[in-house]
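First the structure, in the form of structure tokens, and then the observations on it.
The values are calculated or read from the model by the stated rules, or taken from the named source; none is laboratory data. Every value quoted in this text rests on a predicted model; they were computed, and no experiment measured them. Counting neighbours? That spans all protein chains shown, and the Cβs are built from the backbone with ideal geometry, glycine included.
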Amino acid sequence: MAATQGRLQGKNAIITGAAGGIGLETSILFAREGANVLMADVSEAALAKALAKVKEVVPTAPRVESIKCDVSKESDVQAMVESQDSWGGTDVIFNNAGIMHANDADAIDTPEKIWDLTHNINVKGVWFGSKHAVLSLRRHKKARGSIINTASVVALVGAATPQLAYTASKGAVLAMTRELAIVHAREGFRFNALCPAPLNTPLLQNWLGEDKEKRFRREVHFPTGRFGEAIEQAHAVVFLASDESSFVNGTDFVVDGGMTKAYVTPE
Ligand code: NAD
């Protein structure tokens, strides 16, 4: 394993959805770059495994802890952020937890309860995380802070495979992040949205399984001919969290192998 590079040295970071594909890879890179990391997830079992993994692969990590948090509950989010007060306050939050429900469908078939569930986690969760990060940054009189919110390429381009609640929720994340970036710019608090393309994570890959047709329908859109990897998102998040991106604010930070810029036809 590479030695600590220190690009996030001394920063206190929170990562939500830390037990999942992107969240775990980001936790590992953050720890390796010298950040103190608080890993948060709604699934306690998965979180315990993820924490153990980070400690195993980054034994030199300065401080890595975990906390159970359902991001759709404001009291949970508040407790999560305030738990970093004793660390010296939060510098970075990666509002990354999100769901795409199996029953999410088109305008006709999406059940209202699936719409509400998706928006409670994907949109309200990001709002609560952003709100309590701002309160913490102010409480600790920080001159700078970085908030990264996970949106998706479906906030930028329409998907022909319908998932209406999810798509609308990610559009909301993008618009909300942009406004927060402008409102808080003079306080030194940066907000950027990460827009990943479909990834090679268990979530999607288990669902695609051995169905070659389903897989091809998606792969064909990638100029590279492949899905992205979670770690390729994590590298972008390290940049957005670090002071290297000090003049990057309000962006739709697209990490998609060129997918949203492509007109690709089958060979
Ligand atoms: P994942 O399912 O592997 O991880 C998501 C994590 O969020 C899980 O550990 C889950 O337990 C947690 N979570 C779910 N509901 C929660 C809640 N209410 N409170 C706290 N944690 C909760 O998915 P991933 O691929 O790592 O996705 C992370 C983010 O990236 C999501 O916002 C997702 O929408 C987005 N995204 C993923 C892809 C992809 O292809 N994987 C593409 C674009 C965007």
Picking from Ala181, Ala241, Ala165, Ala234, the residue that is within 28 Å of Ala35 (Cβ to Cβ), of a type in the set (A, V, I, L, M, F, W, C) and more than 15 Å from the chain's Cα centre (by Cα) would be Ala181
Consider segment 54-73. How many of its residues are surrounded by 15 or more Cβ atoms within 10 Å (Cβ to Cβ) and within 13 Å of the ligand (Cβ to nearest atom)? 7
Could you go through segment 169-184 and let me know if any residue there is within 16 Å of the ligand (Cβ to nearest atom) and free of Cβ contacts under 8 Å to residues at least 24 places away in the same chain. yes
If you check Gly21 against the conditions, is it in contact with a Gly (Cβ under 9 Å, 6 or more places away or on another chain) and either within 11 Å of the ligand (Cβ to nearest atom) or not aliphatic (A, V, I, L, M) (or both)? no
Cross-chain or 6+ apart pairs with Cβ under 9 Å, segment 208-226 first and closer than 15 Å to Thr260 by Cα, then basic (Lys, Arg): Glu219/Arg226; Pro223/Lys261
All positions within segment 130-150 that are touching a helix residue (DSSP H, G or I) at 6+ places or on another chain (Cβ under 6 Å), touching a residue at least 60 places away in the same chain (Cβ under 8 Å) and crowded, with 24+ Cβ neighbours inside 10 Å: Ser146, Ile148
Leu38 vs. criteria in contact (Cβ under 8 Å) with a residue 24 or more places away in the chain, more than 16 Å from the ligand (Cβ to nearest atom) and not hydroxyl-bearing (Ser, Thr, Tyr): no
Given the criteria modelled with pLDDT of 95 or more, within 15 Å of the chain's Cα centre (by Cα) and away from the ligand (no atom under 12 Å from the Cβ), does Ser130 qualify? yes
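For every residue, the table says whether it meets (1) surrounded by 14 or more Cβ atoms within 10 Å (Cβ to Cβ); (2) farther than 23 Å from Thr110 by Cα; (3) modelled with pLDDT under 95.
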site	(1), (2), (3)
Ser152	yes, no, no
Thr167	yes, no, no
Met176	yes, yes, no
Val183	no, yes, no
Asp211	no, yes, yes
Val220	no, yes, yes
Arg226	no, yes, yes
Ser242	yes, yes, no
Could you figure out which of (1) in a loop (DSSP other than H, G, I, E, B); (2) more than 16 Å from the ligand (Cβ to nearest atom) isn't true of Ala31? (1)
